[in-house]
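The values are calculated or read from the model by the stated rules, or taken from the named source; none is laboratory data. As the structure is a computational prediction, the values presented were derived from the model and not from experiment. Heads up, the Cβs are rebuilt from the backbone with ideal geometry, glycines too, and the neighbour counts pull from every protein chain shown. SASA here: full protein model, heavy atoms, side chains in, ligands and nucleic acids out. Shrake-Rupley method; radii C 1.70, N 1.55, O 1.52, S 1.80 Å.
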Amino acid sequence: MRHEKIIVLDFGGQYNQLIARRVRECGVYCEVMPYTTAFEEIKAEAPKGIIFTGGPNSVYGEDSPQYTKDIYDMGVPILGICYGAQLIAHQLGGSVETAPVSEYGRTEVEIDDKGGLFGSVSDRTICWMSHTDYISRLPEGFVATAHTPVCPVAAMENRERRIYGLQLHPEVMHTVEGKEMLRAFVKDVCGCAGDWQMGSFIDDTISAIREKVGNGRVLCALSGGVDSSVAAVLMSRAVGKQLTCVFVDHGLLRKDEGDEVEAVFGPSGSYDLNFVRVNARQRFYDRLAGVTEPEEKRKIIGGEFIRVFEEEAKRIGAVDFLVQGTIYPDVIESGLGKSAVIKSHHNVGGLPDHVDFREIIEPLRMLFKDEVREVGLKLGMPEYLVFRQPFPGPGLGVRIVGEVTEEKVRIVQDADAIYREEIAKAMDAGLIPKYGEEGTPGQYFAALTNMRSVGVMGDFRTYDYAVALRAVLTSDFMTAEAAQLPWQVLQTVTTRIVNEVKHVNRVFYDCTGKPPGTIEFE
């Protein structure tokens, strides 16, 4: 079955895949394509609609990304968001200039025309703005449909040609009625019925994997985290015993996690998998000795992962494919197309130039964390696995600021275990919302700062480390807000860490959102 499709044309912004995610929430299949995609290829996809994304450039700049004007004559509805809206105005005869006043963050937008995209939107609505340029003159045939006190064209449309522009960002959760705006475009303007669900993704992915792999042998990089676990079960469903899962215990795992992973996926676990556990702790510690720069740490860990997998593949014999649990936030933060590189993930930007496998398979590459969890549930995985705390591939290597040592790993393992234990108690006591309830932290963990300070314990002076606690509210892990945990919980955690974890005399709580911070520390 050929699904209805919306194409998101990527002009290099950081939140572009969020647009595709919102479209998929409408039950419509969506693909992201770079703005360099040939026009004939776009036409061959026969999309029901096209969305231009945001981007960091000015449309009037010499090197700004553009697209052929032929796209406006396809007869397909087009929606431009931020840079995309400015591009439409610029190419169709309007004017885009540097705004007298830039807009960033939450902004009240006043709707001037309730037709088009705003039929179910409030007359005044809170939206997320992020722009220094603005549309100063509309193209012929367009009307402004929303404004702010400093932005006369917060939205525009040419309803006859079915071309729409939004200066605001409907895709981010901070735009209160953004989902409704995108639903109006996808369902009302493009006429999509909504025939694609996560079950369709699973069936289509399994079919594509079987076709690609054939009789080949597959090695899965299993970390025990949500992403790699779902990838492993999905691959097992597709290719069965052709799959071998290799779990690399690199010494940067949470407390007792290596044994927990083996208990789930090993010979006595719930899944009929070929499972190999590799103890590579000292190897990783040696490679990380003296390294303090975050990107270098990530790349070292990514490189060593691949080398270990290659060695295990040779022991297994004639492995053709490597499977990784890469998800889309990993990809765009590591740099996609013209997008900025925020940090290299060990399984994306941290890969070495040469990899000794025919191909790398990343079945979850286009999904966000909540979508990955939905896939896991539909595959029949237990909730305690699907909703476990996310854990980065580089492990505690990116939760230890500065050089990684065995002692520092022990400190952060112990502190993190206490933190997670007390959060679980607080959830059971009703002090913090549980998973699935509004306000539950999407991720929480302890990290070790590189700061040491003077303290006093009993009658003795100490000079020890500070631990930072982090908890964020997020559904997509692209944007996040610091969770406002009850003070009594933080107080209990602090007391326990200082009393029970050697070489720690201070505990901080990280109140930073994303942006400007990232969820991990390095």
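Quick test for you: out of Glu160, Glu140, pick the one residue that is part of a loop (DSSP other than H, G, I, E, B) and closer than 12 Å to Ile88 by Cα.
Glu140
Take segment 129-152 and flag every residue that is of a type in the set (A, V, I, L, M, F, W, C), closer than 16 Å to Lys114 by Cα and open to solvent by less than 10 Å² (accessible area, probe 1.4 Å).
Going through segment 129-152, the residues of a type in the set (A, V, I, L, M, F, W, C) turn out to be 129, 135, 138, 142-144, 146, 150-151.
Keeping just the survivors that are closer than 16 Å to Lys114 by Cα gives 142-144, 146.
Of everything in segment 129-152, just one residue is of a type in the set (A, V, I, L, M, F, W, C), closer than 16 Å to Lys114 by Cα and open to solvent by less than 10 Å² (accessible area, probe 1.4 Å), namely Ala146.
If I filter segment 300-321 down to residues being of a type in the set (Asp, Glu), surrounded by fewer than 21 Cβ atoms within 10 Å (Cβ to Cβ) and farther than 18 Å from Ser236 by Cα, which single residue comes out as modelled with the highest pLDDT? I'd like the intermediate steps shown before the answer.
If we filter segment 300-321 for residues that are of a type in the set (Asp, Glu), which is where we start, we get 304, 310-312, 320.
Right, trim to surrounded by fewer than 21 Cβ atoms within 10 Å (Cβ to Cβ) and you get 310-312, 320.
Pick out the ones that are also farther than 18 Å from Ser236 by Cα and you get 310-312.
Values: Glu310: 79, Glu311: 86, Glu312: 82.
Checked segment 300-321; the qualifying residue modelled with the highest pLDDT is Glu311.
Is it fair to say Leu92 is farther than 18 Å from Leu182 by Cα and either of a type in the set (A, V, I, L, M) or within 25 Å of the chain's Cα centre (by Cα) (or both)? Please lay out each step first, then the result.
Values: farther than 18 Å from Leu182 by Cα: yes; either of a type in the set (A, V, I, L, M) or within 25 Å of the chain's Cα centre (by Cα) (or both): yes.
Yes, satisfied.
Could you list, in sequence order, all residues of segment 409-421 that are open to solvent by 20 Å² or more (accessible area, probe 1.4 Å) and touching a residue at least 24 places away in the same chain (Cβ under 8 Å)? Don't jump to the end; show me each part of the working.
Here is the first cut: in segment 409-421, the ones open to solvent by 20 Å² or more (accessible area, probe 1.4 Å) are 410, 413-414, 417, 420-421.
Gln413, Asp414, Ala417, Arg420, listed by residue number.
Do we find a residue being touching a Phe, Trp or Tyr at 6+ places or on another chain (Cβ under 7 Å), among the β-branched types (Val, Ile, Thr) and outside any helix (DSSP H, G or I) anywhere in segment 451-459?
Yes, because at least one residue in segment 451-459 is touching a Phe, Trp or Tyr at 6+ places or on another chain (Cβ under 7 Å), among the β-branched types (Val, Ile, Thr) and outside any helix (DSSP H, G or I).
So, Lys378, is that one modelled with pLDDT under 55 and of a type in the set (D, E, K, R) or not?
Working: modelled with pLDDT under 55: no; of a type in the set (D, E, K, R): yes.
So Lys378 does not fit the description; no.
Which one is nearest to Phe445 (Cα to Cα) among residues in segment 466-504 that are touching a Ser or Thr at 6+ places or on another chain (Cβ under 7 Å) and at pLDDT below 95?
Applying the filter and picking the extreme gives Ala482.
State yes or no: is His169 more than 25 Å from Ile71 (Cβ to Cβ), part of a loop (DSSP other than H, G, I, E, B) and open to solvent by 10 Å² or more (accessible area, probe 1.4 Å)? Walk me through it before giving the result.
Values: more than 25 Å from Ile71 (Cβ to Cβ): no; part of a loop (DSSP other than H, G, I, E, B): yes; open to solvent by 10 Å² or more (accessible area, probe 1.4 Å): yes.
No.
Given the residues Gly178, Gly116, which is the only one that is crowded, with 21+ Cβ neighbours inside 10 Å, over 30 Å from the mean Cα position of the chain (by Cα) and in contact (Cβ under 8 Å) with a residue 60 or more places away in the chain?
The unique qualifying residue is Gly116.
Would you say Gly224 is buried (at least 18 other Cβ atoms within 10 Å of the Cβ), among the small types (Gly, Ala, Ser), at pLDDT below 90 and at positive phi?
For Gly224, the condition - buried (at least 18 other Cβ atoms within 10 Å of the Cβ), among the small types (Gly, Ala, Ser), at pLDDT below 90 and at positive phi - is met.
Report yes if Lys187 is closer than 18 Å to Ile7 by Cα and assigned to a helix (DSSP H, G or I), otherwise no.
yes
Report, by residue number, each residue of segment 499-512 that is in contact (Cβ under 8 Å) with a residue 24 or more places away in the chain and open to solvent by 20 Å² or more (accessible area, probe 1.4 Å).
Glu500, Lys502, His503, Asn505, Arg506, Val507, Phe508, Tyr509, Asp510, Cys511, Thr512
Of the conditions (1) open to solvent by 30 Å² or more (accessible area, probe 1.4 Å); (2) without any contact (Cβ under 8 Å) to a residue 24 or more places away in the chain, Ser64 clears all except one; give me its number.
Here Ser64 clears every test but (1).
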